[in-house]
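Student: I'd like to ask you about the structure that follows.
The values are calculated or read from the model by the stated rules, or taken from the named source; none is laboratory data. Quick caveat, the model's predicted, so the values are computed rather than measured. Neighbour counts are summed over all protein chains in view; Cβ atoms, including those assigned to glycine, are modelled from backbone coordinates with ideal geometry.
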Amino acid sequence: MQKCYSVIGTYNHVPEGAEESSLEETYQVCWRPYLSALYRFPDISAVLHYSGTALSWLEARHPEFLMLLEEMAAKKQIELLGGGFFAPLLPLVPGPDRLGQIELLTTYIRKAFGKRPRGCWMQDYAWEPGLASTIQTCGFDYSFLPERQFRLSGASLGMPALTEDQGRSLMIFPVFDALESFPALLPPDLAVAAIRERGEDLPLISVMYPGEAARELWEKSGLESPDVLFERSFAELQKESLLCETTTPNKYLRFAKQSGRAYFSSGASSVLMERSLPPVAAGRGCEQPSEIHGSSRRLLLRHAESNSLYAKMQYVRILVSQLRGDKSRKKSAQEELWRGQCGDAYWPGPNGGLLRLPVRAAAFASLIQAERTTRQRGTFSPGVIMADIDFDGIKEILYQGSDFNAYVHLKGGSLFELDSLKTLTNYVNVLSDYEDIGECLPQRRCFRDGFCESGSFDLEGLADESPYSLEESDRPAHLAVLTREASLAIGGRKRSVFIRKKYAFRKVALSVIYELTNRENDALAFRFFTELNFAAGSNPEGVALEGLRDGNEKIVISNAEATTQDSLDFLRITNTKAEEHLEIRADRSFELGSRPLFHATQLGGQSRELYEGAAFLLGWDLAIPPGSSLKIAIALEIRS
């Protein structure tokens with residue numbers, strides 16, 4: 001067996017919105033042990049990537065870590081990789097933002113460590129062929145793709161391959177990733193040994209780990225500390241250096257040959273690819289054809305919340321690009337936009353990502369801040385515009401106010417975004433009620449309407465997503481009037497009710513006025529209800545619920561369990577951390593059904609229940625004579 005070279009390293013990132021305690025634990029258990037052990041073996045080379053978010057946190061909390069990185073980089077023991085500052089999924093990010101994010105991290109690394117990075121790390125290996133020219137334009141020589149991509153392209157696994165786009169070439173290193181190339185996680189020495197034992201006699205072996213994998217490796221090892229684990233692993237690599245010498249990509253490219261040219265199809269990490277596929281859900285009409293391949297763009301089709309955040313990001317990008325005259329304001333808005341492109345928030349990754357309310361909330365907060373920054377005094381005027389913000393071919397109703405935004409979809413006539421510009425909170429940031437990752441369910445919204453038998457809340461009676469029609473004639477800038485014919489099953493018969501639904505927008509509030517018309521030949525008696533979904537805090541304890549009965553009796557409502565309250569005319573939902581309230585009033589007393597929403601999932605091999613927000617049902621038992629109409633008015637106000 002000929003002598004080979006190995007490139008070992010880790011990629012490290014923390015999502016926007018991560019808790020401080022979680023970051024500190026990751027540092028103490030994962031990042032610090034790996035680097036401090038590596039420092040004690042100067043003959044072992046490694047390649048390391050830290051996102052801009054991770055580096056900023058380290059600079060603020062553990063500057064000694066950056067000092068160690070700087071020393072090791074100066075000795076050329078390690079090579080630091082660039083990439084997008086806020087770890088975006090590059091295929092989902094517009095071209096100018098890709099360049100901006102990459103240059104922002106490159107500048108940070110150059111200033112902090114004295115040398116410009118030569119290699120680019122792509123978050124979750126999210127790749128499209130056009131990225132080759134983008135990355136090369138940013139001054140990089142090489143990047144990485146999983147061995148799976150190399151096998152599919154027919155390129156050799158034993159050396160880097162040259163790929164090209166629009167005449168710009170980029171070297172791509174094949175990677176054996178710890179999460180997908182082995183049956184179980186292995187420390188660096190055993191991973192390299194396992195690949196060599198396959199008998200492929202590869203001249204180059206690249207093994208990369210997510211930094212947080214150190215926790216699982218240590219727990220499985222039974223050793224007293226992760227420091228000991230990595231010391232033993234690096235000692236073994238040093239012992240085998242005559243047969244397999246560690247190197248860095250930049251050193252390797254100086255003397256090694258490439259395998260020729262290759263073109264790699266769009267792809268990503270195996271987990272992202274899997275979770276972007278159409279789900280197999282018997283009875284829901286969701287089939288998974290074997291010829292369909294996953295990709296980062298398919299996430300937008302797979303998860304309604306991914307598309308919602310992506311749509312917001314693209315809309316804000318347009319607003320930022322139109323900002324003129326004030327360079328400082330534009331730079332600030334642009335950086336907040338980039339922060340809102342953090343890739344974790346766009347898909348349910350191994351660490352939760354999209355499933356974690358704080359991660360989604362942080363992304364929305366950055367995008368709302370960027371949007372707020374674009375609104376210049378004297379030029380911004382509140383009002384309603386129509387735009388197809390979510391790329392479904394139907395224009396949505398977008399109210400842009402001085403204090404809040406409210407977006408209404410014609411499908412179901414429902415509110416799908418409510419932004420407080422003061423606290424940078426999207427209150428309709430609630431995850432769909434997935435039973436597991438394989439479910440196909442619509443996004444949770446507000447003012448989703450339903451009909452059922454009197455005296456109950458039957459969610460089967462929620463109206464379908466058939467579109468409302470928008471009344472265009474003489475529409476004021478603060479109003480949107482929607483109409484549709486609704487079918488309801490009452491008393492074993494199909495009946496029809498005509499709905500006129502008017503959204504009226506004011507400075508700090510919106511009103512929804514329902515006018516229900518009975519077009520049948522006989523009287524109708526039924527329960528009409530509307531569903532509201534709000535994410536007012538990152539945990540149940542951070543949300544306080546209070547109601548009023550008969551205008552004066554205060555009712556404290558639990559947000560820890562499902563509950564029902566009758567004869568209310570007021571509901572207050574308090575975000576205790578932000579000290580902001582949502583106040584809901586109706587001109588008719590309503591029955592309230594409420595429940596906290598959780599998502600059961602597996603994170604780090606453990607079962608977790610993640611809080612996603614709360615659902616509220618407001619119901620009225622109505623009787624409408626034939627040919628008659630009845631009105632219900634609801635006011636939703638954001639108050640400090």
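Student: With respect to Ala161, is the statement that it is of a type outside the set (S, T, N, Q), in contact (Cβ under 8 Å) with a residue 12 or more places away in the chain and farther than 25 Å from Asn351 by Cβ true?
Tutor: Against the criterion (of a type outside the set (S, T, N, Q), in contact (Cβ under 8 Å) with a residue 12 or more places away in the chain and farther than 25 Å from Asn351 by Cβ), Ala161 qualifies.
Student: Let me ask something else about it. Conditions first: (1) in a loop (DSSP other than H, G, I, E, B); (2) modelled with pLDDT of 95 or more; (3) closer than 30 Å to Ser466 by Cβ. Phe391 passes all but one, so which condition is the exception?
Tutor: Going through the list (1) in a loop (DSSP other than H, G, I, E, B); (2) modelled with pLDDT of 95 or more; (3) closer than 30 Å to Ser466 by Cβ, Phe391 breaks only (2).
Student: A follow-up question, please. Select from the stretch 345-385 the residues that are basic (Lys, Arg) and either surrounded by 21 or more Cβ atoms within 10 Å (Cβ to Cβ) or in contact with a His (Cβ under 6 Å, 6 or more places away or on another chain) (or both) and list them in ascending order. Steps first, answer last, please.
Tutor: Going through the stretch 345-385, the residues basic (Lys, Arg) turn out to be 356, 360, 372, 375, 377.
Passing the criteria: Arg356, Arg360.
Student: Does Glu240 qualify as being surrounded by 15 or more Cβ atoms within 10 Å (Cβ to Cβ), at pLDDT below 95 and within 27 Å of the chain's Cα centre (by Cα)? Walk me through how you get there before you give the answer.
Tutor: On the way: surrounded by 15 or more Cβ atoms within 10 Å (Cβ to Cβ): yes; at pLDDT below 95: yes; within 27 Å of the chain's Cα centre (by Cα): no.
No, not satisfied.
Student: If you don't mind, there's one more thing I want to ask. If you check Leu162 against the conditions, is it assigned to a strand (DSSP E or B), surrounded by fewer than 19 Cβ atoms within 10 Å (Cβ to Cβ) and not small (Gly, Ala, Ser)?
Tutor: Working: assigned to a strand (DSSP E or B): yes; surrounded by fewer than 19 Cβ atoms within 10 Å (Cβ to Cβ): yes; not small (Gly, Ala, Ser): yes.
In short, yes.
Student: Can you name the condition, by its number, that Gly84 falls short on among (1) touching a strand residue (DSSP E or B) at 6+ places or on another chain (Cβ under 8 Å); (2) at pLDDT 95 or above?
Tutor: (1)
Student: While we're looking at this one, here's another question. What's the number of the condition Ala486 fails, among (1) at pLDDT below 95; (2) farther than 30 Å from Pro467 by Cβ; (3) under 36 Å from the mean Cα position of the chain (by Cα)?
Tutor: For Ala486, the failing item is (2).
Student: Return yes or no: is Asp550 touching a strand residue (DSSP E or B) at 6+ places or on another chain (Cβ under 9 Å), acidic (Asp, Glu), under 27 Å from Lys501 (Cβ atoms) and surrounded by fewer than 17 Cβ atoms within 10 Å (Cβ to Cβ)? Write out each step before concluding.
Tutor: Details: touching a strand residue (DSSP E or B) at 6+ places or on another chain (Cβ under 9 Å): yes; acidic (Asp, Glu): yes; under 27 Å from Lys501 (Cβ atoms): no; surrounded by fewer than 17 Cβ atoms within 10 Å (Cβ to Cβ): yes.
Considered against the rule, which asks whether it is touching a strand residue (DSSP E or B) at 6+ places or on another chain (Cβ under 9 Å), acidic (Asp, Glu), under 27 Å from Lys501 (Cβ atoms) and surrounded by fewer than 17 Cβ atoms within 10 Å (Cβ to Cβ), Asp550 comes out as no.
Student: Arg215: over 30 Å from Gly343 (Cβ atoms) and either in a helix (DSSP H, G or I) or in contact with a His (Cβ under 9 Å, 6 or more places away or on another chain) (or both), yes or no? Write out each step before concluding.
Tutor: On the way: over 30 Å from Gly343 (Cβ atoms): no; either in a helix (DSSP H, G or I) or in contact with a His (Cβ under 9 Å, 6 or more places away or on another chain) (or both): yes.
When the stated conditions are applied, Arg215 does not pass them.
Student: Please work out which residue is modelled with the lowest pLDDT, limiting yourself to the stretch 255-297 and to residues that are more than 27 Å from Ser133 (Cα to Cα) and aliphatic (A, V, I, L, M).
Tutor: Ala282
Student: Counting just the residues of the stretch 79-132 that are assigned to a loop (DSSP other than H, G, I, E, B) and among the aliphatic types (A, V, I, L, M), which one comes out farthest from Arg254 (Cα to Cα)? Break it down into steps so the answer makes sense when it comes.
Tutor: Of all residues in the stretch 79-132, those assigned to a loop (DSSP other than H, G, I, E, B) come to 84-89, 93-94, 114-118, 122, 126, 128-130.
Pick out the ones that are also among the aliphatic types (A, V, I, L, M) and you get 87, 89, 93, 122, 126.
Values: Ala87: 28, Leu89: 30, Val93: 32, Met122: 23, Ala126: 27 Å.
Restricting to residues being assigned to a loop (DSSP other than H, G, I, E, B) and among the aliphatic types (A, V, I, L, M), the top hit is Val93.
Student: Let me ask another. Looking at Ala633 and the list (1) surrounded by fewer than 18 Cβ atoms within 10 Å (Cβ to Cβ); (2) of a type in the set (Gly, Ala, Ser); (3) within 21 Å of Asn539 (Cβ to Cβ), which single condition is not satisfied?
Tutor: Evaluating Ala633 over (1) surrounded by fewer than 18 Cβ atoms within 10 Å (Cβ to Cβ); (2) of a type in the set (Gly, Ala, Ser); (3) within 21 Å of Asn539 (Cβ to Cβ) leaves (3) as the failure.
Student: Before we move on, is Pro187 buried (at least 22 other Cβ atoms within 10 Å of the Cβ) and under 18 Å from Ser51 (Cα atoms)? Outline the logic, then answer.
Tutor: Working: buried (at least 22 other Cβ atoms within 10 Å of the Cβ): yes; under 18 Å from Ser51 (Cα atoms): no.
The answer is no for Pro187.
Student: For the stretch 370-386, what are the residues that are under 17 Å from Ser308 (Cα atoms) and at pLDDT 95 or above? First the steps, then the outcome.
Tutor: Quick first cut of the stretch 370-386, residues under 17 Å from Ser308 (Cα atoms) only: 370-371, 386.
Ala370, Glu371, listed by residue number.
Student: Is it the case, given these coordinates, that Lys220 is over 27 Å from Leu152 (Cβ atoms), exposed (fewer than 14 other Cβ atoms within 10 Å of the Cβ) and out of contact with any helix residue (DSSP H, G or I) (no Cβ under 6 Å at 6 or more places or on another chain)? Can you show your working first?
Tutor: Details: over 27 Å from Leu152 (Cβ atoms): yes; exposed (fewer than 14 other Cβ atoms within 10 Å of the Cβ): yes; out of contact with any helix residue (DSSP H, G or I) (no Cβ under 6 Å at 6 or more places or on another chain): yes.
So Lys220 passes the test.
Student: Checking Arg151 against (1) touching a residue at least 12 places away in the same chain (Cβ under 8 Å); (2) closer than 19 Å to Gly260 by Cβ, only one condition comes out false. Which one?
Tutor: (1)
Student: Any residue at all in the stretch 574-588 that's under 30 Å from Pro348 (Cβ atoms), surrounded by fewer than 18 Cβ atoms within 10 Å (Cβ to Cβ) and of a type in the set (A, V, I, L, M, F, W, C)? Reasoning before the result, please.
Tutor: Step one: list which residues in the stretch 574-588 are under 30 Å from Pro348 (Cβ atoms), which gives 574-578, 580, 582.
With surrounded by fewer than 18 Cβ atoms within 10 Å (Cβ to Cβ) added as a condition, the list becomes 576-578.
Then drop every residue that is not of a type in the set (A, V, I, L, M, F, W, C), which leaves 578.
Yes: one or more hits.
Student: Another question, if that's okay. Restricting attention to the stretch 185-218, which residues are small (Gly, Ala, Ser) and touching a Phe, Trp or Tyr at 6+ places or on another chain (Cβ under 8 Å)?
Tutor: Let us first name the residues in the stretch 185-218 that are small (Gly, Ala, Ser), namely 191, 193-194, 199, 206, 211, 213-214.
Across the stretch 185-218, the qualifying residues are Ala191, Ala194, Ser206, Gly211, Ala214.
Student: List the helices (runs of 4 or more DSSP H) that sit entirely inside the stretch 22-77 and contain at least 2 residues that are under 24 Å from Asp189 (Cβ atoms).
Tutor: On the way: elements: 32-39, 52-61, 63-74.
Ranges flagged: 32-39, 63-74.
Student: Out of all the residues in the stretch 608-618, is one or more surrounded by fewer than 18 Cβ atoms within 10 Å (Cβ to Cβ) and either of a type outside the set (A, V, I, L, M, F, W, C) or farther than 30 Å from Arg215 by Cα (or both)?
Tutor: yes
Student: Might you let me know whether the stretch 621-629 holds any residue that is under 20 Å from Arg444 (Cβ atoms), in contact with a Phe, Trp or Tyr (Cβ under 9 Å, 6 or more places away or on another chain) and of a type outside the set (D, E, K, R)? If you could, list the steps in order and put the result at the bottom.
Tutor: If we filter the stretch 621-629 for residues that are under 20 Å from Arg444 (Cβ atoms), which is where we start, we get none.
Within the stretch 621-629, none of the residues are under 20 Å from Arg444 (Cβ atoms), in contact with a Phe, Trp or Tyr (Cβ under 9 Å, 6 or more places away or on another chain) and of a type outside the set (D, E, K, R).
Student: If you don't mind, another one. As an exercise: evaluate Gly114 against (1) over 23 Å from Val207 (Cβ atoms); (2) modelled with pLDDT of 95 or more; (3) out of contact with any Cys (no Cβ under 8 Å at 6 or more places or on another chain) and give the number of the one condition it does not meet.
Tutor: The number of the failed condition is (2).
Student: Take the conditions on the phi < 0 side of the Ramachandran plot, within 29 Å of the chain's Cα centre (by Cα) and either part of a loop (DSSP other than H, G, I, E, B) or crowded, with 16+ Cβ neighbours inside 10 Å (or both) and apply them to Ala194. Does it pass?
Tutor: no
Student: Sort out which residues of the stretch 77-96 are over 17 Å from the mean Cα position of the chain (by Cα) and closer than 23 Å to Arg298 by Cα, and write them in order of number. Break it down into steps so the answer makes sense when it comes.
Tutor: In the first step, residues of the stretch 77-96 are kept if they are over 17 Å from the mean Cα position of the chain (by Cα); the result is 77-83, 95-96.
Correct list: Gly83, Gly95, Pro96.
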